[in-house]
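> Attaching a single structure in structure tokens format; questions to follow.
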Amino acid sequence: MRQHQGDRQCRGHTWETDHVSEQPSRYQRSASGMTGAMVVLLLLIGGFLVIRSLGRDDLDVRPEPVEYLSVVEVVQEAGQRVAYPPALPEGWRATSVESAPGSEAVFGLGMLTADGTFAGIRQEPRPLGSLVEEYVDEDADAGEAVSAGTGDLAGEWRTFTDGEGDTAFGLEGETTVLVYGSASREDLLALVDELSQEPVSPPSG
């Protein structure tokens, strides 16, 4: 009888020990389960945001066009002559314009073509090679010169290309003018032919 009671006590002690030893295991499994659920939840949220973003048309962010002619007009009023396009081809947009005060013209204009490639104009009082190194490539290959431009900008424009497909046309005169970018050679040449140093005409209408 005592032995039987002792067995019950021993079994009770063993059950209590087992019960206590099971608690950390259950806690660890619960913590692991919560962590796994949080990871799955985060993945689901991320996937939802990605799918939602793919369906939004307004994520095609394009730079706002800039009114570069007003900047050209201010530069001209300061007595500087800069090379600029009086108008842009259909579908093109000016995305950046830069000028620096001083006795010699420093002017920059960045544009996107209708197919989204870049075309830029840079005018500075420094050697053409220096502009090519900075805005095209230090190892740009020189090609044959081409006759292009109108007015005071007509002449033999030197050509350059780099290993990434960029093209540039440069003319040295009172200041150096560089037309460059990832736009096609034809687009860049057409831009060269459109350049003018005449005063900005007032808008029609």
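Quick note: the coordinates plus some simple rules give every number you see, no bench work behind them. Quantities reported herein were computed from a predicted structural model and do not represent experimental measurements. Using ideal geometry, Cβ is built from the backbone for each residue, glycine included, and neighbour counts are taken over all protein chains shown.
> Given Cβ point charges of +1 (Lys, Arg) and -1 (Asp, Glu) and nothing else, what value in debye, to the nearest 20, does the dipole of the range 68-194 about its Cα centre take?
Here the range 68-194 has a charge dipole of around 400 debye.
> Next question. Would you work out which of P101, L188, S70 lies farthest towards the positive end of the dipole of the range 68-194? Charges go on Cβ: Lys and Arg +1, Asp and Glu -1.
Of the candidates, S70 comes out farthest on the positive side.
> For a test of the definition: using alpha carbon positions, the gyration tensor, and the 1.5 limit on a/c, classify the range 68-194 as rounded, prolate or oblate.
It is oblate, given that a/c is not under 1.5 and a/b is not larger than b/c.
> Which residue, A87, L131, T117, has the largest displacement toward the positive end of the dipole of the range 85-155 when charges sit on each Cβ (Lys, Arg +1; Asp, Glu -1)?
The listed residue farthest towards the positive side: A87.
> With a ≥ b ≥ c taken as the square roots of the eigenvalues of the C-alpha gyration tensor of the range 95-153, please select rounded if a/c is under 1.5 and otherwise prolate if a/b is larger than b/c or oblate if it is not?
Judged from the Cα gyration tensor, the range 95-153 comes out rounded (a/c under 1.5).
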